[in-house]
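What follows is calculated from the coordinates using simple rules that are stated; it is not laboratory data. For clarity, every value in this text was computed on a predicted model and none was experimentally measured. Positions of Cβ are generated from backbone atoms using ideal geometry, with glycine treated the same way; all protein chains shown enter the neighbour counts.
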Amino acid sequence: MSAEGNKDAVRRFFRAIDARDTAGLDALLASDYRLYLNGGPDSMDREGFKHFATAFTVALPDVRHTVEDQLGEGDRIATRLTITGTHGGELMGVPATGRHVTLSALNIIRFKDGQLAEHWISFDVMGLMQQLGAVPAAG
């Protein structure tokens, strides 16, 4: 698939998460898909990711992933996102606060045979925890 086709697949991937479209995710994720989260001790497989995505959308029921930038080269696409949502369920051990959160994330995705095969996510965990009131803001 071309870089433009892969960029489109990434956009469909984030729309599927927002829509809780597990069939859409199944179509996009390779059977041997692996997710690597910054700060996470282990990678997640395809089923682990789907559980993670479900927990994330329960914690932020109105979550929206907005693609800000995408760059592609070879079989990899880098995507900068803005993620917004209202904290309506437990998130990373923090009970629901009702607060609106906004965070940036950088995703690098490697494609294999037109599907997402490997996925690295880096996001500002400290900034998210500050927005949730779990840690004091700097200053």
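With labels modelled as points extended 7 Å from the Cα through the Cβ direction, what inter-label distance (nm, one decimal) is found for GLN130 paired with THR97?
Taking the two extended label points, one gets 1.2 nm.
Under the Karplus relation 6.51 cos²θ - 1.76 cosθ + 1.60, θ = phi - 60°, what is the ordered set of whole-Hz ³J(HN,Hα) values for the stretch 100-109, x standing for Gly and Pro?
7, 10, 9, 9, 9, 9, 10, 10, 10, 10
Using only alpha carbon pairs under 8 Å that are at least six residues apart, calculate the relative contact order of the chain and give it in whole percent.
Numbers: 257 pairs, mean separation 32.9, N = 139.
Relative contact order, the chain: 24 percent.
Given Cβ point charges of +1 (Lys, Arg) and -1 (Asp, Glu) and nothing else, what value in debye, to the nearest 20, does the dipole of the stretch 3-131 about its Cα centre take? Intermediate results must be reported in sequence, preceding the final value.
Details: 14 positive and 18 negative charges, 43 e Å.
That gives a dipole near 200 debye.
Round to the nearest 10 and give me the degree value, 0 to 90, for the angle of helix 3-18's Cα axis relative to the longest principal axis of the chain.
40
Order by neighbour count: GLU4, GLU118, fewest other Cβ atoms within 10 Å first, most last.
On the way: GLU4 11, GLU118 18.
Fewest-to-most ranking of GLU4, GLU118: GLU4, GLU118.
If you bin every alpha carbon distance in the chain into 5 Å steps from zero, what whole percent lands in each bin?
Reading upward from the zero bin: 2, 10, 19, 24, 21, 13, 7, 3, 1, 0.
Please list, ordered by chain and number, the residues whose modelled amide H lies under 5 Å from the amide H of TYR33; skip anything fewer than 5 residues away on the same chain.
Under 5 Å from the amide H of TYR33 lie the amide H atoms of ARG46, each far enough along the sequence or on another chain.
Which order do the peptides 109-115, 87-93 come out in when sorted by mean C-beta neighbours inside 10 angstrom, highest first? Write out the running numbers ahead of the final one.
On the way: 109-115: 16.7, 87-93: 15.0.
Descending packing order for the listed peptides: 109-115, 87-93.
Give me a comma-separated list of calculated 3J(HN,Hα) values for the stretch 40-49, in order, Karplus coefficients 6.51, -1.76, 1.60 applied at θ = phi - 60°, integers in Hz, x for any Gly or Pro.
Per residue, the Karplus-derived 3J(HN,Hα) values read x, x, 10, 7, 10, 8, 4, 5, x, 4 Hz.
Between ARG46 and ARG76, what length in nm is gained on full extension when 0.36 nm per residue of separation is reduced by their alpha carbon distance? List each step's numbers first, then the result.
Details: separation 30, 0.36 × 30 = 10.80 nm, distance 1.83 nm.
This chain segment gains 9.0 nm when fully extended.
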